[in-house]
Amino acid sequence: MRTVKSPFKFKGGVHPDYNKELARDKAIERMPVPAELVVSMSQHLGAPAKCLVKAGDFVKRGQLIGEKNGFISVCVRAPADGKVVAVEKRLGPAGGKADAVIFDTTAKPEGEPAEPNNQTIKQSNNQTISPILPPLDWKAASREELLKRVEEAGICGMGGAGFPTNVKLNPPPGKRCEYLILNGAECEPYLTADFRLMLERADRIRVGVEIMRKILGGPAVRIAIEENKPEAIAAMEKAFADIEGNVEIVVLPVLYPQGSEKHQIFATVGRVVPEPPALPIDVGFVVENLGTGAAIGDAVEKGDPLLERVTTVSGDAVAEPKNVLAPSGTKYSDLIAFCGGEKVPPAKLISGGTMMGFAVSTPEIATTKTTSGLLLLSSKRVFQYSSQACINCGRCVRACPMNLNAAEIAKAVESDDVKAAEDLHVMTCIECGACSFSCPAYRPITQFCRRAKNSIRARMAAEKAKAAAAAAK
Amino acid sequence: MATAILIIAGIGMVAAVALAVADRYLSVKEDPRIGMVTAELPGANCGGCGFAGCDGYARALVAGTAPNGACAAGGDAVAKAVAKILGVEAAATERRVALVRCCGTRSEAIRVGDYNGICDCNVAAMTAGGDKGCTYGCLGYGACANVCPKGAISVHDGLAKVDKRLCIGCGKCVRACPKHIIELVPASATIHVLCANPDKGPSVRKVCGVGCMGCHLCEKNSGGKEAGHFTFQGFLAKVNYDNPPTDGAIVAKCPAKCMVEDSHFESGH
């Protein structure tokens with residue numbers, strides 16, 4: 001194991017205000033199970049899980065409540081004991097509505113002694129409730145057993161996109177994983193959840209890395225961390241000191257979007273992933289968030305499925321910024337209350353980081369397996385802009401880490417010429433927001449790109465359906 | 001001089017012969033009915049029939065691969081004219097117009113956020129589902145108005161409205177709306193329920209002052225369930241356009257004020 005400095009710097013990128021000092025020194029704190037949980041069936045990328053419970057059912061912590069529904073899908077387990085109050089469509093952080101199971105965690109089945117907030121006491125005392133899945137010895141278990149465990153535990157990428165981890169760890173035949181990159185860049189402003197994980201749970205991450213390495217057939221491991229986290233680098237160096245094989249901690253320069261999969265591949269090894277539909281595995285890479293690594297470690301060694309995650313609650317409008325370990329399905333309002341409530345009325349509520357997160361309209365939305373942060377920004381930090389015409393300054397072109405001509409794409413989409421945007425390779429856009437961030441005319445360039453990508457995807461899906469219908473004839 | 005004249009005349013001769021031969025042997029025979037049918041179609045090229053413009057539909061009609069009466073813009077008159085040319089039956093069609101099933105203006109329906117991104121409903125809907133408290137309602141960023149080939153849709157006070165006189169019923173707005181609340185309804189129907197929120201009354205009331213609560217009063221006042229003028233989806237009343245109500249008195253009795261008699265511009269709603 002050695003630590004190296006990244007020799008590769010990608011083109012473009014921006015330097016937003018990181019504001020990480022708000023929560024970086026706050027140790028991970030476990031939140032009591034809230035009275036109501038809203039557990040979405042669509043916490044991951046791909047097909048939503050099929051709901052297995054109905055209103056009135058009592059469920060136990062860890063019980064399967066949503067079945068994997070297709071190849072690119074992830075199962076959902078109950079994050080706490082409780083009674084199902086309803087199964088209904090609820091708004092998710094990204095704006096879409098999906099089926100969600102609403103739990104009352106205070107309800108008890110008849111006949112059981114009424115112990116008020118039993119779960120809270122148990123968990124805050126850190127007593128482990130009997131394991132949900134049988135613990136596995138990863139050294140003895142076969143690759144298939146480990147993969148099955150990752151699937152059963154309902155693990156998806158915890159960096160944000162939520163790609164099913166068991167699919168990612170199982171490359172299609174003929175494709176070999178040469179490098180496993182563990183993503184600890186955390187380049188989003190405000191967020192410190194991964195930083196705290198590295199400080200406090202480096203041993204769990206190490207177990208996860210060894211398991212992933214075994215599943216992938218022993219690739220070289222690169223752990224990517226931005227250089228503004230020296231404590232995390234030290235903690236990881238300590239935890240990984242005696243690991244065998246080709247493992248390196250790569251210290252990356254501070255630059256947004258350093259945490260992007262493609263940029264990390266370039267920054268660590270210097271390889272470039274071709275345009276979509278090519279995936280990192282096509283050039284021999286699997287990139288996993290380190291939170292996912294820790295979740296895999298827990299799922300295998302302790303038998304704990306992915307039921308909770310660390311979410312950074314931060315921003316200048318929250319009384320006490322914290323890194324909270326909360327069950328997936330905790331409503332934002334409960335998270336905010338746990339962090340001492342609002343200091344000043346927030347002007348903007350963002351699920352995720354300030355660069356790629358989603359502004360949400362109500363704190364009634366609940367966290368998912370991918371919610372890395374919840375930011376409450378006061379009117380001082382929220383800039384109300386009105387966008388103006390492009391002044392052809394080229395700052396977005398310089399800022400774009402994907403070498404796109406963002407200004408021209410935005411102009412094409414603005415005049416409804418999606419074809420022109422496609423010719424300008426808008427599909428390679430990673431929606432990092434560097435263009436909008438750098439635009440002096442406050443043009444919503446990223447939004448234009450998203451719009452183009454959405455209509456291109458819709459067209460592709462329509463063409464595919466048409467071709468399938470023709471083939472069926 | 002003479003050489004020049006001879007060369008030019010020679011080239012002219014050769015070209016004339018080539019053209020005459022091409023006309024004789026390479027000509028493409030087109031069914032004259034295609035031209036006749038195209039002339040009858042309205043020429044709006046709206047695409048409402050599902051073909052690329054009126055010419056495409058005319059070709060499909062003559063080839064017998066498209067049903068007569070699919071031209072919403074032309075309606076009955078065109079279907080009859082086409083039937084005459086092609087010698088087929090004209091299916092009776094009724095003129096249909098678009099209806100935006102929402103009446104939550106900015107003053108009635110609350111907005112939960114300040115949206116200042118791109119002015120397009122589809123983009124706004126991608127941003128936390130849009131800024132309207134009611135997740136079913138019209139966002140009012142004019143995606144429908146932008147695709148309307150006739151300029152029949154305009155947005156007033158955060159709400160899209162269709163001018164019945166201009167609408168040709170092509171259905172482009174139906175496909176453009178991210179909330180799927182635009183519907184093609186018979187132009188003769190005069191009473192409409194302008195709401196698309198199937199949630200329970202209290203949750204509708206929280207977000208909109210004029211949302212349907214599913215109280216069934218419209219059904220009761222129009223002759224009860226047997227009369228069949230309304231259908232219910234969750235807590236939302238829908239007009240049964242196969243058997244629409246005609247008595248305007250029920251409109252005033254709607255406690256939610258989401259019913260209108262002739263929702264279109266011409267009556268000044």
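Among beta bridges identified by DSSP and lying wholly in the protein assembly as shown, the antiparallel ones come to about 65 percent.
Between A:Arg271 and B:Ala18, the C-beta separation translates, for a Förster distance of 60 Å, into a calculated FRET efficiency of about 0.50. Across chain B, C-alpha contacts under 8 Å between residues 6 or more apart give a mean separation that, scaled by the residue count, equals a relative contact order of 15 percent. With a Förster radius of 30 Å applied to the C-beta separation of B:Glu94 and A:Glu88, the computed FRET efficiency comes to 0.20. When each of the peptides A:412-425, A:273-286, B:5-18 is scored by the mean number of other C-beta atoms lying within 10 Å of its residues, the order from highest to lowest reads A:412-425, A:273-286, B:5-18. Span-like helix criteria (full DSSP H runs; alpha carbon extent of at least 27 Å along the helix axis; mean Kyte-Doolittle hydropathy of at least -0.5) are satisfied in chain B by B:2-25. For the range A:290-396, what class follows from the C-alpha gyration tensor (a ≥ b ≥ c being the square roots of its eigenvalues): rounded when a/c is under 1.5, otherwise prolate if a/b is larger than b/c, else oblate? Oblate is the answer for the range A:290-396, as a/c is 1.5 or above yet b/c matches or exceeds a/b.
Counting only DSSP H runs of at least 4 residues, each contributing -39500 (n - 2.57), and dividing by the residue count of chain B, the helix-based mean residue ellipticity at 222 nm comes to -9500 deg cm²/dmol.
Note on A:Val254 and A:Lys302: their simple-model spin labels are 3.1 nm apart, each label 7 Å out from Cα toward Cβ.
The value of relative contact order for the range A:395-472, using C-alpha pairs under 8 Å at least six residues apart, is 31 percent. Per-residue mean of foreign Cβ neighbours for A:453-462 is 1 (Cβ atoms of other chains, 10 Å radius).
What shape does the range B:195-269 take by its C-alpha gyration tensor, where a ≥ b ≥ c are the square roots of the eigenvalues and a/c under 1.5 counts as rounded, a/b above b/c as prolate, and the rest as oblate? Taking the square roots of the gyration eigenvalues as a ≥ b ≥ c, the range B:195-269 is oblate. The modelled label-to-label distance for the pair B:Asp114/A:Arg143, using points 7 Å beyond Cα in the direction of Cβ, is 5.5 nm.
Between the listed residues A:Ala472, A:Ala412, A:Phe448, the Cα displaced farthest toward the positive end of the dipole of the range A:331-473, a dipole computed from Cβ unit charges relative to the Cα centre, is found at A:Ala472. Using the average count of surrounding beta-carbon atoms within 10 Å as a protection proxy, the listed peptides B:99-105, A:141-147 rank, highest first, as B:99-105, A:141-147.
Take each residue of peptide A:444-452, count the partner chain Cβ atoms within 10 Å of its Cβ, and average: the result is 3.
Amide H contacts of B:Gly104 (H built 1.01 Å from N, in plane; Pro and chain starts excluded): B:Cys138 sit under 5 Å, all sequence-distant by 5 or more or on other chains. What's the FRET efficiency of A:Lys214 with B:His156 using the Cβ-Cβ distance as r and R₀ = 56 Å, to the nearest 0.05? Taking R0 as 56 Å, the efficiency between A:Lys214 and B:His156 is 0.30.
Taking a ≥ b ≥ c as the square roots of the eigenvalues of the Cα gyration tensor, the range B:32-86 is rounded, since a/c falls below 1.5. Its Cα centre serving as origin, chain A has a Cβ charge dipole (Lys and Arg +1, Asp and Glu -1) of approximately 960 debye. Measuring max minus min along each principal axis, the C-alpha atoms of chain B give extents of 95, 47, 29 Å (largest first). Diagonalising the gyration tensor over the Cα atoms of the protein assembly as shown and scaling each eigenvalue by 5 before taking the square root yields semi-axes of 52, 38, 25 Å, largest first.
Most tightly packed first, judged by the mean number of other beta-carbon atoms within 10 Å of their residues, the peptides A:95-103, A:230-238 read A:95-103, A:230-238.
If one computes P(r) from the Cα atoms of the range B:119-263, what percent of pairs lie at distances over 24 Å? Pairs farther apart than 24 Å: 33 percent. Peptide B:121-132 shows a mean partner chain C-beta count of 5 within 10 Å per residue C-beta.
Approximating the spin labels as points 7 Å out from Cα along Cα→Cβ, the A:Glu463-to-A:Asn403 distance works out to 2.4 nm. The loop-placed trypsin sites (Lys or Arg not before Pro) in the range A:3-73, going by DSSP, that have at most 16 neighbouring Cβ atoms within 10 Å of their Cβ come out as A:Lys9, A:Lys11, A:Lys54, A:Lys60. Quick one: which residues, 5 or more positions from B:Ala187 or on another chain, have an amide H under 5 Å from its amide H? H modelled 1.01 Å from N in the peptide plane, none for Pro or chain starts. Those qualifying (amide H under 5 Å, at least 5 residues apart or on another chain) are B:Arg95, B:Arg96, B:Val97.
No lab work stands behind these numbers, since they all come straight from the coordinates. Model, not experiment: these values are computed from the prediction. Because the Cβ atoms are built from the backbone with ideal geometry, glycine has one as well, and the counts that use them run over all protein chains shown.
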